[in-house]
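Read through the structure below, which is laid out as structure tokens, and then see the notes.
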Amino acid sequence: MQRFRKRLNATTWMTTLILLIQTGNALAMTVPAQGSFAYDLYDIGVNQILLGPVGFTGGVACMCVAAILAIRQMILPAAGVVLGGAFLLRANTVVETIGALIS
């Protein structure tokens, strides 16, 4: 019985290793074609709102709320709000990174 468990454990590890080594196709998210309805939605949602003054104002507001939460010793919620505010303030690099590779 002990020998069977060792072989099963080794087989499980080898199967896991082989599955991790295999490569798959990556899907890249790209900007929709200009002039299409999807591009209009992308332009409004990403370029004008997220990357525009609305996103910047939201990011600054998140940082202010995080500072208030940190002063009140609510560290865990403050950390989450800081991450959200950083996402809004650096939205252009986040959009480029997410668009670079989705697998």
Look at Gln73 and say whether it is free of Cβ contacts under 8 Å to residues at least 24 places away in the same chain and on the phi > 0 side of the Ramachandran plot.
yes
Residues of region 48-63 classified as within 29 Å of Val31 (Cα to Cα) and surrounded by 15 or more Cβ atoms within 10 Å (Cβ to Cβ), total
6
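Condition check ((1) surrounded by 12 or more Cβ atoms within 10 Å (Cβ to Cβ); (2) at pLDDT 85 or above; (3) outside any loop (DSSP other than H, G, I, E, B); (4) of a type in the set (Gly, Ala, Ser)) across all residues:
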| position | (1), (2), (3), (4) |
| --- | --- |
| Phe4 | no, no, yes, no |
| Arg7 | no, no, yes, no |
| Ala33 | no, no, no, yes |
| Ala38 | no, no, yes, yes |
| Ile44 | yes, yes, yes, no |
Checking Ala66, Ala70, Ala78, Ala91 in turn, the sole residue that is under 22 Å from Val31 (Cα atoms), among the small types (Gly, Ala, Ser) and either surrounded by 14 or more Cβ atoms within 10 Å (Cβ to Cβ) or modelled with pLDDT under 95 (or both) turns out to be Ala91
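The values are calculated or read from the model by the stated rules, or taken from the named source; none is laboratory data. These numbers come from a predicted model, not from an experiment. Methodologically, a virtual Cβ is constructed for each residue, glycine included, from the backbone with ideal geometry; neighbour enumeration extends over all protein chains shown.
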